[in-house]
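In what follows, a single structure is set out as structure tokens and then discussed.
The values are calculated or read from the model by the stated rules, or taken from the named source; none is laboratory data. What you see is a predicted model; the values in this text were computed from it and never measured. All Cβ positions, glycine included, derive from the backbone under ideal geometry; neighbour counts span all protein chains shown.
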Amino acid sequence: LRQANYDILTGLPNRMLALDRLKLALAQARRDESKVGVMFLDLDNFKHINDTLGHDAGDTLLIEAARRISSCLRGTSTVARLGGDEFLVVLPGLNGPDASSQVAERILKTFAPPFMLSGQEVFVTTSIGIATFPDDSDNSGTLLQHADAAMYEAKHKGKSAYARFTPEMSEVSHERLQMESHMRKALELGEFELYFQPIVDTASGGLVAAEALLRWNNPAMGMVMPDRFIPLAEETGLIIPIGEWVVKEACQAAYCWQAMTGREISIAVNVSPRQFRDPGFTDAIMRALNDSNLRPELLELEITERLILDNSIETADILKQLDKVGIRLSVDDFGTGYSALSYLKSYPFDTLKIDKSFVQDVLKENEDASLVRAIINMAHSLGLKVVAEGVEEEDQTHFLKAEHCDYSQGYFYSRPLPEQDFIHWLETNERANLK
């Protein structure tokens with residue numbers, strides 16, 4: 001009976017018992033005409049702890065998180081573990097609308113001190129979504145959905161936060177669920193495609209490489225741009241199979257261009273933080289190179305500053321492994337994050353990509369011109385090449401040439417193109433044949 005109703009690891013009620021208690025609380029509240037608060041809690045970055053410190057540390061964290069949440073509740077409330085790093089809190093007999101917010105604030109406060117995991121202090125926060133009976137819904141299933149939608153809203157606020165349900169969240173949540181269910185099938189249905197944008201030598205204007213950019217063409221939703229679906233893919237872990245597919249397709253495309261044109265064209269691929277931290281990441285990259293016969297030196301992986309600032313031993317090891325086999329590494333969107341310049345010295349990068357937000361105003365804003373100039377000089381002094389992103393006007397190319405920026409990319413040269421159009425560009429555009 002205990003196994004059927006309680007979570008073995010934390011000793012808390014499990015999903016089944018929690019739903020039972022929620023239904024009882026709602027029945028009681030109908031009789032008393034009182035309110036019931038429902039809270040959905042999710043630990044922030046739990047997967048990262050599991051991946052880097054191991055499952056034992058993950059288990060320790062869950063046990064301690066369960067203890068901290070329980071310490072904030074009074075006797076009649078229930079805290080349950082729904083599975084993974086998700087917890088549910090049922091607050092029966094609430095007096096006013098603020099009562100559940102006070103509990104949420106207490107829980108956030110109790111997560112402020114660090115957790116001791118594998119002998120080191122780790123700070124872990126939680127995101128909380130709140131829905132209330134009967135204001136938000138009068139049945140348990142919808143209340144749970146609403147609390148879940150509010151929890152995602154709390155995560156978007158920047159984590160370590162709580163959010164109360166509002167009707168607009170329902171639409172966002174519905175769209176999110178719809179997008180997630182379409183995305184789960186998108187790979188097998190062949191809905192993803194790669195677009196390619198040329199990267200040219202700034203001085204000559206000749207093609208040197210292309211960046212692979214992911215697009216999702218779904219029959220129901222039309223063309224979905226990455227900024228809409230990549231965050232969701234990261235959150236759900238779907239980024240790992242999708243990212244693997246992107247690298248494989250990009251390497252094959254680059255090898256085909258080589259066979260077709262008789263010259264080597266490098267391919268640049270973005271790597272997301274979640275993908276990078278996946279234990280199978282380096283194997284997937286090596287597989288893509290082996291299957292396509294592409295030389296490792298022709299693959300460049302673009303990594304964001306956000307990922308590098310994570311500064312873990314694993315990050316350094318992975319970057320060294322990739323560098324060792326000859327794969328090129330670049331820092332994407334340089335200057336938009338917290339540019340901690342020390343990592344440029346300690347990690348084996350080859351290239352810096354200057355974010356387009358700086359490039360677009362080099363002719364209008366003195367500060368932007370000075371910044372771009374400084375980034376180019378600094379990168380060159382560290383032995384790094386520089387790519388300017390978002391080049392859209394001819395005058396920008398003159399500025400970048402004068403400042404000895406190595407490579408450029410942007411609409412001035414070409415928009416991102418589907419593969420067949422890119423091949424046509426390769427065959428007909430004079431830039432493709434300039435050395």
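For segment 189-302, which strands (runs of 3 or more DSSP E) that fit wholly inside it have 1 or more residues that are closer than 21 Å to Gly326 by Cα, at pLDDT below 95 and under 22 Å from the mean Cα position of the chain (by Cα)? Step through it out loud before you land on a result.
Working: elements: 192-201, 207-218, 222-224, 266-271.
The strands (runs of 3 or more DSSP E) meeting that bar are 266-271.
Check whether at least one residue in segment 23-36 is under 34 Å from the mean Cα position of the chain (by Cα) and either surrounded by 14 or more Cβ atoms within 10 Å (Cβ to Cβ) or not assigned by TED's automatic domain parsing to the domain that holds Gly280 (or both), and report yes or no. Scanning segment 23-36 turns up no residue that is under 34 Å from the mean Cα position of the chain (by Cα) and either surrounded by 14 or more Cβ atoms within 10 Å (Cβ to Cβ) or not assigned by TED's automatic domain parsing to the domain that holds Gly280 (or both). None of His380, His404, His424 is part of a helix (DSSP H, G or I) and closer than 18 Å to Leu207 by Cα except His424.
Of the residues Asp323, Asp368, Asp361, the single one that is modelled with pLDDT of 90 or more and over 21 Å from the mean Cα position of the chain (by Cα) is Asp323.
Selection of first residues in segment 402-423 that are on the phi < 0 side of the Ramachandran plot and without any contact (Cβ under 8 Å) to a residue 40 or more places away in the chain and of second residues that are assigned to a helix (DSSP H, G or I) and surrounded by 14 or more Cβ atoms within 10 Å (Cβ to Cβ), restricted to Cβ pairs under 9 Å at least 6 apart or on distinct chains, gives the following pairs, ordered by first then second residue: Glu403/Ala369; Glu403/Val372; Glu403/Arg373; Glu403/Ile376; Phe412/Gln396; Phe412/Thr397.
Every residue, every condition in (1) more than 20 Å from Phe196 (Cβ to Cβ); (2) in contact with an Asp or Glu (Cβ under 8 Å, 6 or more places away or on another chain), yes or no:
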residue	(1), (2)
Gly390	no, yes
Asp395	yes, no
His398	yes, no
His404	yes, no
Tyr413	no, no
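Criterion applied to Phe133, Phe115, Phe192 was being touching a strand residue (DSSP E or B) at 6+ places or on another chain (Cβ under 8 Å), in the same structural domain as Asn50 (by TED's automatic domain parsing) and surrounded by fewer than 20 Cβ atoms within 10 Å (Cβ to Cβ), and the one residue passing it is Phe115.
One residue stands out in segment 195-225 among those that are of a type outside the set (Gly, Ala, Ser) and out of contact with any strand residue (DSSP E or B) (no Cβ under 8 Å at 6 or more places or on another chain): the one that is surrounded by the most Cβ atoms within 10 Å (Cβ to Cβ), namely Met221. Do the conditions hold for Glu244, that is, is it outside the structural domain of Val103 (by TED's automatic domain parsing), buried (at least 20 other Cβ atoms within 10 Å of the Cβ) and not hydroxyl-bearing (Ser, Thr, Tyr)? Spelling it out, Glu244 is indeed outside the structural domain of Val103 (by TED's automatic domain parsing), buried (at least 20 other Cβ atoms within 10 Å of the Cβ) and not hydroxyl-bearing (Ser, Thr, Tyr).
For segment 66-94, residues that are of a type in the set (A, V, I, L, M, F, W, C), under 20 Å from Ala150 (Cα atoms) and within 29 Å of the chain's Cα centre (by Cα) total 6.
Considering (1) of a type in the set (Lys, Arg); (2) part of a loop (DSSP other than H, G, I, E, B); (3) free of Cβ contacts under 8 Å to residues at least 60 places away in the same chain, the lone condition that Lys353 does not fulfil carries the number (2). Hey, does segment 361-378 have a residue that's free of Cβ contacts under 8 Å to residues at least 60 places away in the same chain and within 30 Å of Glu249 (Cα to Cα)? No: zero hits. With respect to the conditions (1) over 23 Å from Pro273 (Cβ atoms); (2) part of a loop (DSSP other than H, G, I, E, B); (3) in contact (Cβ under 8 Å) with a residue 24 or more places away in the chain, Pro348 lacks only one, and its number is (1).
Contact map, segment 158-170: first residue closer than 21 Å to Glu105 by Cα, second residue among the hydroxyl-bearing types (Ser, Thr, Tyr) and part of a loop (DSSP other than H, G, I, E, B), Cβ cut-off under 8 Å, separation 6 or more or different chains; pairs are Lys159/Thr125; Ser160/Thr125. Looking only at segment 174-188, residues that are outside the structural domain of Asp332 (by TED's automatic domain parsing) and not in a helix (DSSP H, G or I) come to 0 in all.
So, in segment 358-377, exactly how many residues are in a helix (DSSP H, G or I) and under 20 Å from Pro198 (Cβ atoms)? I'd like the intermediate steps shown before the answer.
Residues of segment 358-377 in a helix (DSSP H, G or I): 358-359, 366-377.
Applying the additional criterion that residues be under 20 Å from Pro198 (Cβ atoms) yields 359.
Total satisfying the criteria: 1.
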